[in-house]
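Let me begin by presenting the structure, written as C-alpha cells, before commenting on it.
All of the numbers you see were taken from the coordinates with simple rules; none came from a lab. On a predicted model such as this, the values are computed, not experimentally measured, just so you know. Cβ sites come from the backbone with ideal geometry, for glycine too, and all protein chains shown count toward neighbours.
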Amino acid sequence: MVRVISRLDIKGGNLIKGIHLEGLRVIGNPVDYAELYYNQNADELIYMDSVASLYEREYIVDLIKKTAERIFIPITVSGGIKTVQDVEAILRSGADKVSINTAAVKNPSLIKEVSDNFGSQCMVLQIDAKKTNLGYEVYIDGGREKTGIDVLEWAKRGIDLGCGEIMLTSIDQDGTKKGFDTDLLEKMSVIVDIPLIASGGMGKLSHLDPLIEKNLADGIAIGTAFHYKLCTPIDVKKHIGYC
C-alpha cells in the first residue's frame, strides 16, 4: 500500500511553503495542521525544517512533543540533524524516524551510525535533486548548495551505508503544483530496493496516476496541495483505491 504522508515545512515554529524550496511564506501553526491531516486519515507526517542548518532550532523538540500528544501516526523529522545525539533527542521527544540530507552528504558515516544505533527503519536518507547539465544532482542546505554528486550514485551509497528509506524531492517541481518528476522517479525506482518516498509537485489527484500505474513510489509526501486545500489525505486514498 502506498503511504500518504503529510509534509510540513517549518521555520521558527511556523508552517511555511515555497516554490523550488524558495520564496517561503507562512501558512500557520504546524501542530494544528498536523492534527487536521491526522484527522483526514494521513498515514504519516514529516516535519522538514529546511533552514535548520542556518538557524537555531531549539523549538523543534517542543514542537514534536506537542504534536505527539495530538496525533498517533509515525512522525519523521528533518533538518539540522548532525549527530547521533541529535537523533536521540528527537526520538525521545516523540518522533519515530529522522530524515537527513546535508549532514549525511558532508559525513556519510552518519548514515551508518544512525542505522546501527536506532535501526535502519529510523534512518531516512533525504535527497533534494535538481536537473543540471550533469544529470540529476544532489543539493544540500535546503536546496541552496549544489554538490556535484549524482543523485543515483548517492542513493546507492546511502543504501550500502544502511538507510532504510529514501525521500526524494524534486527541487524543480517543488511547490509548482505541476506534477511529480516521473523521469527522476523512474530512474530511482529501478536502482533502489528499499522504500522510496516521492515529494515535490503534487497539484491535483491525476498527478498521482503515473506513480501508481508504474509503481514508482512506496510513499507520497504532499505539502502544497494539502495546505491550499486542493485535496485532502482521504481524497488521495480514495483516488488510489484504498478506501
Sort the chain into rounded, prolate or oblate with this rule: let a ≥ b ≥ c be the square roots of the eigenvalues of the Cα gyration tensor; rounded if a/c is under 1.5, and if a/c is not under 1.5, prolate when a/b is larger than b/c, oblate otherwise.
rounded
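Pairs of Cα atoms under 8 Å, at least six residues apart: use those to get the relative contact order of region 3-239, whole percent.
Numbers: 502 pairs, mean separation 44.7, N = 237.
Once divided by the residue count of region 3-239, the mean separation gives 19 percent.
Let's test the formula: R0 of 35 Å, r as the Cβ-Cβ distance of residue 229 and residue 186. What FRET efficiency results, to the nearest 0.05? Intermediate values should be presented prior to the final figure.
Working: r = 30 Å, r/R0 = 0.85.
So the FRET efficiency works out to roughly 0.70.
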Helix-only [θ] at 222 nm, the chain, -39500 (n - 2.57) per DSSP H run of 4+, per residue, nearest 500, equals -9500 deg cm²/dmol
Checking the cross-link filter: which lysines have an alpha carbon closer than 18 Å to that of residue 97, excluding same-chain neighbours under 8 positions apart?
65, 66, 82, 112
Along Cα→Cβ, 7 Å out, is where each label goes; now give me the distance between the ones at residue 214 and residue 72 in nm to one decimal.
3.9
Enumerate the calculated ³J(HN,Hα) couplings along region 96-108 in order (Karplus 6.51 cos²θ - 1.76 cosθ + 1.60, θ = phi - 60°), each rounded to whole Hz, writing x wherever the residue is Gly or Pro.
9, 9, 10, 10, 10, 10, 4, 5, 5, 5, 6, 9, x
Taking a straight Cα-to-Cα line shorter than 19 Å from residue 237, and setting aside same-chain lysines fewer than 8 residues away, one finds 177, 204, 214, 229
Once residue 113 and residue 145 are pulled to full extension, the length gained, defined as 0.36 nm per residue separation minus their Cα-Cα distance, is 9.1 nm
Identify which of 38, 228, 47 has the largest mean-square fluctuation in a Gaussian network model of the chain, with springs joining Cα atoms closer than 10 Å.
228
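Could you tell me what percent of the DSSP beta bridges with both partners in the chain are antiparallel, to the nearest 5? Working shown, then result.
Numbers: 15 of 48 bridges.
Once the DSSP bridges in the chain are tallied, antiparallel ones form about 30 percent.
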Just to confirm a number: summing +1 for Lys and Arg and -1 for Asp and Glu over residues other than residue 219 whose beta-carbon lies under 13 angstrom from that of residue 219, what do you get?
0
Packing rank of 29-36, 69-76, where each peptide gets the mean count of other beta carbons within 10 Å, highest leading
29-36, 69-76
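Dipole size in debye (nearest 20) for the chain around its Cα centre, Lys and Arg Cβ +1, Asp and Glu Cβ -1?
Working: 28 positive and 34 negative charges, 101 e Å.
Magnitude of the dipole: close to 480 debye.
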14 Å reach of a label modelled at residue 238, 7 Å along Cα-to-Cβ, counting backbone N of region 206-230
206, 230
What ³J(HN,Hα) values, in whole Hz, does the Karplus curve 6.51 cos²θ - 1.76 cosθ + 1.60 give for region 198-207 when θ = phi - 60°, with x put for Gly and Pro?
8, 9, x, x, 4, x, 8, 4, 5, 5
